[in-house]
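Scroll down for the structure; my scribbles are underneath it.
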């Protein structure tokens, strides 16, 4: 027979998850489960918290901003050199470098220390 106990990722206690019910059109139905000790819905550690989601959104916005800033800098340098729009491959390369820089900033911003 299998054991039905698990360890809560929030409080660290050994527990049996409890079912949470919500009222629907035809009565009550199970919607999720929670830890009976800390009442966390994230007892299994799989759902990101609101804090993590906001942090990811901030990282995405800052990554897009970094992409735009690097692209603007590289296009400005091309304009100062007088070669803006002369070489189509240079424009493509500039866009690729700007996107790569934005992605690397996003990855750096969200990197977790283990």
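The values are calculated or read from the model by the stated rules, or taken from the named source; none is laboratory data. Please read all numbers here as calculations on a predicted model, not as lab measurements. In this analysis, Cβ positions are derived from the backbone assuming ideal geometry, glycine residues included, and neighbour counts consider all displayed protein chains.
Is it the case, given these coordinates, that residue 85 is part of a loop (DSSP other than H, G, I, E, B) and not assigned by TED's automatic domain parsing to the domain that holds residue 19? Spelling it out, residue 85 is indeed part of a loop (DSSP other than H, G, I, E, B) and not assigned by TED's automatic domain parsing to the domain that holds residue 19.
Answer yes if at least one residue in region 21-42 is at pLDDT 95 or above, surrounded by 14 or more Cβ atoms within 10 Å (Cβ to Cβ) and outside any loop (DSSP other than H, G, I, E, B), and no otherwise. No, every residue in region 21-42 fails to be at pLDDT 95 or above, surrounded by 14 or more Cβ atoms within 10 Å (Cβ to Cβ) and outside any loop (DSSP other than H, G, I, E, B).
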